[in-house]
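Structure first, commentary second.
The values are calculated or read from the model by the stated rules, or taken from the named source; none is laboratory data. These numbers come from a predicted model, not from an experiment. Every residue, glycine among them, receives a Cβ derived from its backbone with ideal geometry; neighbour counts consider all protein chains shown.
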């Protein structure tokens, strides 16, 4: 149990395009979802925390107007990279938890390549 | 701010060897510590989770230990196999981080036949 589905798995698009990534908890209700970013040879860095029905909390240095996060239901969170540029190319991974300090369950990630 | 360090950054061993991966963290106020496996271009697979009150967890050929007071954890892999080749990530959950994980940079493991 505790499966998180992330879609799409790979996106290639032109600079200036907006890209939406979906993160779904398939068999549990995720009260909190997290969005991480991973550059090559680097660790996962937390971008933002989203709680269902409220605004996301962004980490320092992450532009909230560029990375729009919506967590409208207990099973779906979306990350929209607006007006993407080559420096936004990265591996984006989401995770969800049932609540509190429960184990995080991760999606398979989305590789975003901006040309 | 929690800092998580993993040593070594890369490791290559012949098949069959036992090996130890190390993880250290600076803030001992943790809820738990997790070890993950990440294959190239893929997401994370949770291997073991150790609660702050526990000393170790075992799953098959994997054994993870936790010494919270010294800020250290080890992942022991017995009888390594080529299929164990992957990047292993250590992550800690702090009691004051809003339940987000702090990750190390990982150890890239290559097990050669």
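General observations
- Top-ranked residue in the range A:94-109 [being part of a strand (DSSP E or B) and more than 7 Å from chain B (Cβ to nearest Cβ); ranked as surrounded by the most Cβ atoms within 10 Å (Cβ to Cβ)]: A:94
- Scope the range A:1-14; condition surrounded by 12 or more Cβ atoms within 10 Å (Cβ to Cβ) and outside any strand (DSSP E or B); matching residues: A:2, A:3, A:8, A:9
- The range B:73-95 - residue that is assigned to a strand (DSSP E or B), without any contact (Cβ under 8 Å) to a residue 60 or more places away in the chain and over 10 Å from the mean Cα position of the chain (by Cα) and, of those, surrounded by the fewest Cβ atoms within 10 Å (Cβ to Cβ): B:86
- Sole residue being more than 12 Å from the chain's Cα centre (by Cα), without any contact (Cβ under 8 Å) to a residue 12 or more places away in the chain and not in a strand (DSSP E or B), chosen from B:53, B:28, B:69: B:53
- Evaluation of residue A:18 against the conditions (1) more than 22 Å from residue B:106 (Cα to Cα); (2) exposed (fewer than 13 other Cβ atoms within 10 Å of the Cβ); (3) at pLDDT below 95 shows that the sole unmet condition is (3).
- Any hit, the range B:60-67, residues being over 15 Å from residue B:5 (Cα atoms), modelled with pLDDT under 95 and surrounded by fewer than 18 Cβ atoms within 10 Å (Cβ to Cβ): no
- Just one of the numbered conditions (1) buried (at least 20 other Cβ atoms within 10 Å of the Cβ); (2) within 14 Å of chain B (Cβ to nearest Cβ); (3) modelled with pLDDT of 95 or more is not true of residue A:50: (3).
- Answer residue from the range B:96-113, given it is more than 8 Å from chain A (Cβ to nearest Cβ) and either more than 12 Å from residue A:46 (Cα to Cα) or surrounded by fewer than 17 Cβ atoms within 10 Å (Cβ to Cβ) (or both) and is modelled with the lowest pLDDT among those: B:96
- There is at least one residue in the range A:22-29 that is crowded, with 16+ Cβ neighbours inside 10 Å and more than 12 Å from the chain's Cα centre (by Cα).
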